[in-house]
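Report on the following structure.
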Amino acid sequence: MAAEKSKHGELRGSQKILERLAKNGEVPSPAAIVEAFKFPASAKIPYWLIRGIPPAYFDWKAKLEVPISDIGSVIQSLTALNDSTINLKILINGIPYPDVAEIVIANTEGED
């Protein structure tokens, strides 16, 4: 899969953020991810996986756990990236009342 580049040859969307985060092949900390993607401070990241080394195309998959009230904020942060490759799966948990949402984010096709 080729890297997404604009007319001027620069990476766009999640690829641009991931390139900045994955310095020297290191996986960024959950705090750095929350800050870079402008997720709400309440977001917990149980796992985060980046595959690829710059300047390769970054495949990424993340799972966020956020309160139900912060789902809109996460979605707004992701749509602001203007990245058409992002796939979202939202699972709302809580008995008897929903209280936590698990959001799986990926930028590769066919990944579950």
(message) Please go through region 27-57 and give me each residue that is part of a strand (DSSP E or B), at pLDDT 80 or above and aliphatic (A, V, I, L, M), ordered by number.
(response) Ile45
(request) Scan region 66-86 and give yes if some residue there is in a helix (DSSP H, G or I), more than 12 Å from Phe39 (Cβ to Cβ) and among the hydroxyl-bearing types (Ser, Thr, Tyr), otherwise no. (result) yes
(message) I'd like to check something: does region 99-106 contain any residue that is under 20 Å from Lys16 (Cβ atoms) and at pLDDT below 90?
(response) yes
(message) When you check Leu18 against the structure, is it in a helix (DSSP H, G or I), in contact with a helix residue (DSSP H, G or I) (Cβ under 9 Å, 6 or more places away or on another chain), surrounded by 16 or more Cβ atoms within 10 Å (Cβ to Cβ) and at pLDDT below 75, yes or no?
(response) yes
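Would you call Gly13 surrounded by 17 or more Cβ atoms within 10 Å (Cβ to Cβ), modelled with pLDDT under 85, at positive phi and not charged (D, E, K, R)? Reasoning before the result, please.
Values: surrounded by 17 or more Cβ atoms within 10 Å (Cβ to Cβ): yes; modelled with pLDDT under 85: yes; at positive phi: yes; not charged (D, E, K, R): yes.
Criteria met by Gly13.
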(request) Six or more apart or on different chains, Cβ under 6 Å: which pairs go from a residue in region 78-90 that's farther than 18 Å from Pro40 by Cα to one that's crowded, with 16+ Cβ neighbours inside 10 Å and among the hydroxyl-bearing types (Ser, Thr, Tyr)? Could you list them? (result) Asp83/Ser14
(message) Which pairs turn up if I take residues in region 31-43 that are of a type in the set (Lys, Arg) and look for partners that are loosely packed, with under 14 Cβ neighbours inside 10 Å and modelled with pLDDT under 90 with beta carbon separation below 8 Å, at least 6 apart in sequence or on another chain?
(response) Lys38/Ala80
(request) Looking only at region 58-68, decide whether some residue is at pLDDT below 75, surrounded by 18 or more Cβ atoms within 10 Å (Cβ to Cβ) and out of contact with any Phe, Trp or Tyr (no Cβ under 7 Å at 6 or more places or on another chain). (result) yes
(request) Considering each residue of region 90-112, count those that are under 19 Å from Gly13 (Cα atoms) and not in a loop (DSSP other than H, G, I, E, B), and give that number. (result) 4
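The values are calculated or read from the model by the stated rules, or taken from the named source; none is laboratory data. Everything numeric here is computed off the predicted structure, so don't read it as measured data. Positions of Cβ are backbone-derived with ideal geometry, glycine not excepted, and every protein chain shown enters the neighbour counts.
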